[in-house]
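Since the structure comes first, as structure tokens, the remarks are kept for the end.
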Amino acid sequence: MNTNHNYCASLTAYQRYRSHEVKVGSIGVGGDNPIRLQSMTTTNTMDTDATVAQSIRMIDAGCEIVRITAPSKREAENLLNIKNELIKGLRYTISSRYSFYPVAAEIAARIVEKVRVNPGNYADKRNFRRLRTPRKVIKRN
């Protein structure tokens, strides 16, 4: 068995890293799919018109996955308004990004095609407690 796990066998010859396919809405990512173009909006998610307009510009420029940040419950709920505006004649996939508020991620998961969550941050601050592990003392002679 070959135990060489180099990411790139050659610095001059391009070869894609083999990965599993996942679906983001109707768009396949990884596997044998082409590399997908995605970007993230910079607008205030509560400004539906500005977020839709920026999303359309990104889609027109070739973006296949539009990421929209929605860190709070209100922004997550407003994703429905954004999605309803984008549905009008456009092929798109909306992805949403969350850092610290699990409730917002769960709301968005009911609305958009993909929710990107950092598992290390997926904790409710009210219920999160840090557990300290005692240090192991090593005696040296």
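Where a number appears in this text, it was derived from the coordinates with a stated rule and is not lab data. All values derive from a computational prediction rather than experimental measurement. Note: ideal-geometry Cβ built from the backbone for every residue, glycine included; neighbour counts use all protein chains shown.
What to note about this one:
- Nearest-0.05 FRET efficiency for Ala9 and Ser72, computed from C-beta distance (R0 41 Å): 0.35
- Placing +1 on each Lys and Arg Cβ and -1 on each Asp and Glu Cβ, with no other charges, gives region 37-91 a dipole about its Cα centre of roughly 120 debye.
- Added length on full extension, which subtracts the Cα-Cα distance from 0.36 nm per residue, Leu80 to Glu21: 18.6 nm
- Amide H contacts of Ser95 (H built 1.01 Å from N, under 5 Å, at least 5 apart or other chain): Val66, Arg67, Ile68
- Mean Cβ neighbour count within 10 Å, used as a protection proxy, ranking 39-52, 22-35 highest first: 39-52, 22-35
- Note, ³J(HN,Hα) from phi for region 112-117, Karplus 6.51, -1.76, 1.60, rounded to Hz, x at Gly and Pro: 9, 6, 8, 10, 9, 10
- Spin-label pair Ile87/Asn44, simplified geometry with 7 Å Cα→Cβ offset, distance in nm: 2.6
- Remark on Val24: its backbone amide H falls under 5 Å from those of Val29, a criterion applied only to residues 5 or more positions apart or on other chains, H modelled at 1.01 Å from N.
- Panel order for Leu79, Leu37, by other beta carbons found within 10 Å of each beta carbon, from fewest to most: Leu37, Leu79.
- Local electrostatic count, Gln54, Cβ distance below 14 Å [Lys/Arg +1, Asp/Glu -1]: -2
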